[in-house]
Each structure stands twice: as C-alpha cells, then as structure tokens.
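Asker: Below are the structure tokens for one structure; questions will follow.
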Amino acid sequence: MGRLVADLAKGRDYEVVRTFDIDDADRTVADLVEALHGVDVAIDFSVAAAVPKDSEACARAGVPLVVGTTGWQSQLDAVRRVVTEHDGALIYGANFSVGVQVFYRVAARAAELFRDLDSYDAFIEEAHHKRKRDAPSGTALQLHEIVTGKLGREAPVSSTRSGYIPGTHRLGFDSAADQITLTHTARSREGFAAGALLAAHWIVGRKGVFEFSEVFDEIVTTLANV
C-alpha cells in the first residue's frame, strides 16, 4: 500500500519527500520528528503496533497524518489524547475506498428498510488475501456497526483469508422466500490509495482527530469546490 500511495501521489503532482519502511521501525519518536521536517502531510499504511508512535511523532512535528492501517483502534483514546495535546491533526479509517464509503450508505439504507421485517436475517461476509492479519476486517466491523445500528438486531460476521483476494464485503438479508445481497468487491488496492490522498489533501490546515467515513461527505464537497 505504501508503494501504491507513493506511485499514485507522483502521478497526481504530489511530491513524495520521505518514505519510511521496516528499517525505520526502531527509530525513536525524536528521530521521526526530525525526519518529518519539511513534510506537509504523512500517510501511514504500516502495522498496527506502529500507529501510536507514528501519530505522536507527526503530532509533535506539526504534520497532519492519514492512518489507513487497521487493527490498532484499541489504542484510539491514547492516540487521540496525544494528538490533541500537541494540537495535531489525524484522520483514520477502516477503509479509504470511495466505493466502500458509498457502500456503507447503501447498506445503512437497506438495513433501515429491513428493520421491521423480522422474517429476514442479516449477515455479513468478508474475504481478503491470506496475509491480512486482522479478521474480521476493519471494514466489516464498521459495516457491522452501521447495519446493526440501523437494523436494531444482530448481523453475524464471517471471514475468509486465502490466496490473493484484494477484498470483498457482502451484506445479505435472508428469508425462507428469498435472499437479497449487496456486495462490494475491490478489483485492486488503488481505490484505497486514492481515498487516502483525498483525505491527505483535506486534512492539511485542520486540527483534531477525524474518522474518514464521518467526514467523507464534507471531503467530497470541499474538494469539488476547489
């Protein structure tokens, strides 16, 4: 994802001034702050364990941060405190794909329509490549939160990790008479990178901690008027 973001950024006239990889994992926060000098915005698609340190370094350096890494949300309160303490800016999301954001909204409306139809049971299925560490995916967990909130009852989530699947999420409503499904299938990871760049453009000049899906409509409206 890091390489894909960098390639896409260069193609859109952004300048990639610094990259960090596994060899930088042992850097201290102070080292990272120094290395971030002259950077306008940073994008993190690394590993969950790195997010607290990366967020602190960016906050201390005054560099807004986009976090596309998943599996770290148990540390969200601590990360929020650090970013707020240093008057920083961070935007995070389980999925930065524009298509997924639209899928969330379609799923929410579908769940509302099925709320009073007790004969239908909802279910969520997700599949990713075998190297993806978290299961269920962050996208599936967010979809579950959206659907159960609108539906008013539980929707079980199942996960598959196999091969090289880029990412598929399916929401279904099943009854004795029929089944209705809504599916988002990622053909590549480019959609995630493109959404992260949208978030990076939007977060510059702002302060605070934001969740991508909560400000997605504002991002789209703001950039449409640029």
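Please treat every number below as a calculation from the coordinates, not as lab data. What you see is a predicted model, and the numbers here were worked out from it, not measured in a lab. Cβ sites come from the backbone with ideal geometry, for glycine too, and all protein chains shown count toward neighbours.
Asker: With label points built 7 Å along Cα→Cβ from the Cα atoms of residue 148 and residue 76, find their separation and express it in nm.
Answerer: If labels sit at residue 148 and residue 76, their model points lie 1.4 nm apart.
Asker: For Cα pairs less than 8 Å apart in space and 6+ apart in sequence, what is the mean separation divided by the residue count of the chain, i.e. the relative contact order in percent? The partial results should precede the final answer.
Answerer: Numbers: 364 pairs, mean separation 51.7, N = 226.
Relative contact order of the chain: 23 percent.
Asker: Separate question: Determine which aspartates and glutamates satisfy two conditions relative to residue 207: a Cα distance under 13 Å, and not lying fewer than 8 residues away in the same chain.
Answerer: Of all the aspartates and glutamates, those that pass the test against residue 207 - Cα under 13 Å, at least 8 places apart if same chain - are 85, 87.
Asker: Tell me which trypsin sites (Lys or Arg not before Pro) from the range 1-91 have a DSSP coil assignment and no more than 16 other beta carbons within 10 Å of their own.
Answerer: 12, 18, 27
Asker: On to the next question. Between residue 211 and residue 8, what is the label-to-label distance in nm when each label sits 7 Å out along the Cα-to-Cβ direction?
Answerer: 2.2
Asker: With a sphere of radius 13 Å drawn around the Cβ of residue 3, what net charge do the other residues whose Cβ falls strictly inside it have (Lys, Arg +1; Asp, Glu -1)?
Answerer: Every neighbour counted, the sum reads -1.
Asker: Set the Förster radius R0 to 35 Å, insert the Cβ-Cβ distance between residue 47 and residue 108 as r into 1/(1 + (r/R0)^6), and round the FRET efficiency to 0.05.
Answerer: 0.70
Asker: Between residue 116 and residue 1, what is the FRET efficiency for a Förster distance of 41 Å, r being their Cβ-Cβ separation, to the nearest 0.05?
Answerer: E between residue 116 and residue 1, to the nearest 0.05, is 0.50.
Asker: Looking at the chain, what % of its DSSP beta bridges pair antiparallel, to the nearest 5?
Answerer: Approximately 50 percent, going by the DSSP bridge assignments.
Asker: Given R₀ = 25 Å, FRET efficiency for residue 187-residue 15 by Cβ-Cβ distance, to 0.05?
Answerer: After rounding to 0.05, the efficiency reads 0.35.
Asker: Extending each Cα 7 Å along its Cβ direction at residue 164 and residue 22, get the distance between those two points in nm, one decimal.
Answerer: 1.9
Asker: Enter the Cα centre distance for the pair the range 177-191 and the range 46-82, rounded to the nearest angstrom.
Answerer: 30
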